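In what follows, a single structure is set out as structure tokens and then discussed.
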Amino acid sequence: MKKIGILGSTGSIGTQTLDIVRKYPDKLQVTALAAGSNTELLERQIREFTPKFAVMWSEKAAADLRGRLSDLEVTVVSGMEGLLQMAALQEMDILVTAIVGMIGIQPTIEAIKAHKDIALANKETLVTAGHIIMPLAKENDVSILPVDSEHSAIFQSMQGEKASQISKILLTASGGPFRGKTRKDLERMRAEDALKHPNWSMGKKVTIDSSTLVNKGLEVMEARWLFGVGLENIQVVIHPESILHSAVEYQDGAVIGQLGVPDMKLPIQYALFYPDRYEVPGNKRLDLFDIGKLVFEKPDMDTFAGLKLAFEAAKTGGTMPTVFNAANEKAVSLFLENRIHFLQIAEVIEAAMEAHRTVENPTVDQILEAEAEAHESVAKCIG
């Protein structure tokens, strides 16, 4: 029986993780859950899965949850302090980091120090603090198991192979809802257009990031840390069918990839049960005859400038990836509020990067300071 905790249990990855627990109650046990503000859903999850520990981001929400669960024996705490307590719980084998934002960094570090394996779905952890996380995981003999479909595909394609013999990582991207559009086309695109992803059902932030290709840029940054490769060895490939989830090219020219229908439960489950495989609940099997053909294209990094900026931020390193990520977060929020237009998202990111003085090998505190600085820079830019 593997004991799991889930940071972000009410979100898309969190709820799908719990679907897997429902399928395999004899193999998985939920010991802790954390959510942002959705007390109603978290209450239902706690009543169903009976964890003994829960976290809400605000104390007000935590107090509300305590009242709702007064008939149960469950500890309810709040804030970053609560997340850190949860991360270090003795009664937990693996922590699913499905929480959105940079608040996921410190709990991940705490969990690694407590020798918990990490099922990683929080992009910011490696994008901004990969230089801290990966050495710490190695030092504590902790596995970082990727949950993103692309990174999971790369991880699966490396099983039984030597990392030293990797020639290239082929990181696939659907192209999002605006694939093939020109800059002129994108000038009139609004949030409701960007939220219509052709293949995946995700949260609003990730869906917008997919439409700008910023999401792929963040995944490039993650991949360099997860798999120990240089930026020059990572190639983004637009693949609209989202059937090949990513691939690895080796020194002899062999390309090994992972294919399947778009379904996040597969990479989540692979991380939870690695190295074993079990039937995925509700999973539709891939029928190559039904698919017929697969398309691969080069990304248009002039039209979708967010991807180009991501490579520049990754090359600069230090605190620059944090600035890229933080400026994008603010820009996406402004776009969802219809306060800026689509093409301004990349413009806002670029302005924040140009205004930043990079700190090499930053501490967690310096990373958080860079985030705050980027937020201020975006406010000034828009103001």
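The values are calculated or read from the model by the stated rules, or taken from the named source; none is laboratory data. Treat the numbers as computed from the prediction; the structure is a model and nothing was measured. Note that each Cβ is placed from the backbone with ideal geometry, even for glycine, and that neighbours are counted across all protein chains shown. Note: accessible area is taken over every heavy atom of the protein model, side chains too, but ligands, DNA and RNA are not part of it. Shrake-Rupley method; radii C 1.70, N 1.55, O 1.52, S 1.80 Å.
Annotations for the structure displayed:
- Approximate shape of the stretch 159-285 as ellipsoid semi-axes (Cα gyration tensor, √5λ), whole Å, largest first: 27, 20, 12
- In the context of the full protein assembly, K27 retains an accessible surface of approximately 60 Å², using a probe radius of 1.4 Å and ignoring ligands and nucleic acids.
- Computed extension length for H375-E187: 65.3 nm, one decimal, from 0.36 nm per residue of separation with the Cα-Cα distance subtracted.
- Q165/L72 FRET efficiency (R0 51 Å; Cβ-Cβ; nearest 0.05): 0.45
- Accessible area per residue for the stretch 1-112, computed on protein heavy atoms with a 1.4 Å probe, is 42 Å².
- Stretched out straight at 0.36 nm per residue, the stretch from E279 to T50 would grow longer than its current Cα-Cα span by 80.0 nm.
- Overall Cα dimensions of the stretch 214-335 - principal axes, largest extent first, Å: 41, 35, 29
- Packing, taken as the mean count of other beta carbons within 10 Å per residue, orders the peptides 153-166, 84-97, 122-135 from highest to lowest as 122-135, 84-97, 153-166.
- With semi-axes defined as the square roots of five times the eigenvalues of the C-alpha gyration tensor, the equivalent ellipsoid of the stretch 1-139 measures 23, 17, 13 Å, largest first.
- If you plug the beta carbon distance of L294 and A355 into 1/(1 + (r/R0)^6) with R0 = 35 Å, you get a FRET efficiency near 0.25.
- Over the chain, dividing the summed -39,500 (n - 2.57) contributions of all DSSP H runs of at least 4 residues by the number of residues returns a 222 nm mean residue ellipticity of -14000 deg cm²/dmol.
- Using a probe of 1.4 Å, the accessible surface attributed to R188 totals some 150 Å² when neighbouring protein chains are kept in position.
- Annotation: extensible slack from R22 through S37 equals 3.1 nm (criterion: 0.36 nm per residue apart, minus Cα-Cα distance).
- Calculated on the alpha-carbon coordinates, the convex hull of the chain measures out at 140 cubic angstrom per residue.
- Carbon plus sulfur fraction of accessible area for the stretch 246-380, probe 1.4 Å, in percent: 48 percent
- Ligands, DNA and RNA excluded, the heavy atoms of V100 present near 100 Å² of accessible surface to a 1.4 Å solvent probe.
- Taking all protein chains into account, the per residue accessible area for the stretch 179-333 stands at 47 Å² (1.4 Å probe).
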